[in-house]
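Engineer: Here it is, the structure in full.
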Amino acid sequence: MSTPDEAPQPQQPGAQPPQQGNVPPAGYQPPGGYQPPQSGAVPPGAYPGQQGYQPPQGGSVPPNGYQAPPSYQQPGQPAYAAPAGPNPAPPAGLGYNAPPRNVFGLDFNNIAQRFRDTTGVPKTLVTSYWLWIAAAALGVIASFANIFIYRDYFGALAVGTGIFNFVFSLVIGAVYVFIAIRLKEGARWARLVLSILGGFAVLSLLFLLITLNLSLLSSAAAVAAAIMMWLPESQKHFV
């Protein structure tokens, strides 16, 4: 039987080190080859939540040369790809280099060719294009004729109003022509804008039928053009 003054015997080889949380006696020496547990490691017999347990800090670091496994793909299934957006390139087969579909495309370098060339455009859309041009021209002609009609009905004071309407029709006609050119070049935004203008033309057509205004022909051409550009053959030009 040992006395309190006796020194403890050295640890025998193969003996287990004291568990975390136990204080070893004075003079205790760990066996050869023993390594203390690393920070964050769970000592033997410990578990998360036990007193003295500390979770790993900063996450685990993979060893050098580790490569993540490729994403799982079911056999026989094609690889997933994000759906492609609308094609911004101009339609193939045009007789000139048109601007992309998704831009405004205001370029006067070859505006004459862009105005007259309908190569590669579906027939129904060509008809719609020239109807929009006719609607613009008829609107300008009607506004010019209205100058003299206003003068005969309301006197010289109404001539100024007629001239203002004529200048305004020139601006609107130029906008019609440009948007119709972009329609012919496959611009989707141009078809949307002309569809809205065609809706306004339907409303004005009802009023012009009652008043027998000369602008009746312009509105009728716009309504017909709006219908032609939505026919199945025309829609192929905007895919």
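Engineer: List the number of the failed condition for Gly186; all other conditions in (1) touching a Lys or Arg at 6+ places or on another chain (Cβ under 6 Å); (2) more than 30 Å from Val103 (Cβ to Cβ) hold.
Structural biologist: Here Gly186 clears every test but (2).
Engineer: For the range 201-216, does any single residue satisfy the condition of being surrounded by 15 or more Cβ atoms within 10 Å (Cβ to Cβ), hydroxyl-bearing (Ser, Thr, Tyr) and outside any helix (DSSP H, G or I)?
Structural biologist: Yes; the residues of the range 201-216 include at least one that is surrounded by 15 or more Cβ atoms within 10 Å (Cβ to Cβ), hydroxyl-bearing (Ser, Thr, Tyr) and outside any helix (DSSP H, G or I).
Engineer: Determine the pairs where a residue that is on the phi > 0 side of the Ramachandran plot, located within the range 92-104, has a partner that is surrounded by 13 or more Cβ atoms within 10 Å (Cβ to Cβ) and in a loop (DSSP other than H, G, I, E, B) with Cβ atoms under 8 Å apart, the partner being 6 or more residues away or on another chain.
Structural biologist: Gly93/Gly120
Engineer: Go through the range 111-165 and give me each residue that's among the charged types (D, E, K, R), within 30 Å of Arg182 (Cα to Cα) and surrounded by fewer than 19 Cβ atoms within 10 Å (Cβ to Cβ). Before you say what the answer is, go through the steps one by one.
Structural biologist: Keep residues of the range 111-165 that are among the charged types (D, E, K, R), which gives 114, 116-117, 123, 151-152.
Still in the running and within 30 Å of Arg182 (Cα to Cα): 114, 116-117, 123.
Selection gives Arg116, Asp117, Lys123.
Engineer: Please determine whether any residue of the range 181-191 is surrounded by fewer than 15 Cβ atoms within 10 Å (Cβ to Cβ) and among the aliphatic types (A, V, I, L, M).
Structural biologist: No, that holds for no residue.
Each reported figure results from applying straightforward, stated rules to the coordinates on display, with no laboratory input. Keep in mind that what you see is a predicted model, and the values were worked out from it rather than measured. Reconstructed Cβ throughout: ideal geometry from the backbone, glycine too, with neighbour counts over all protein chains shown.
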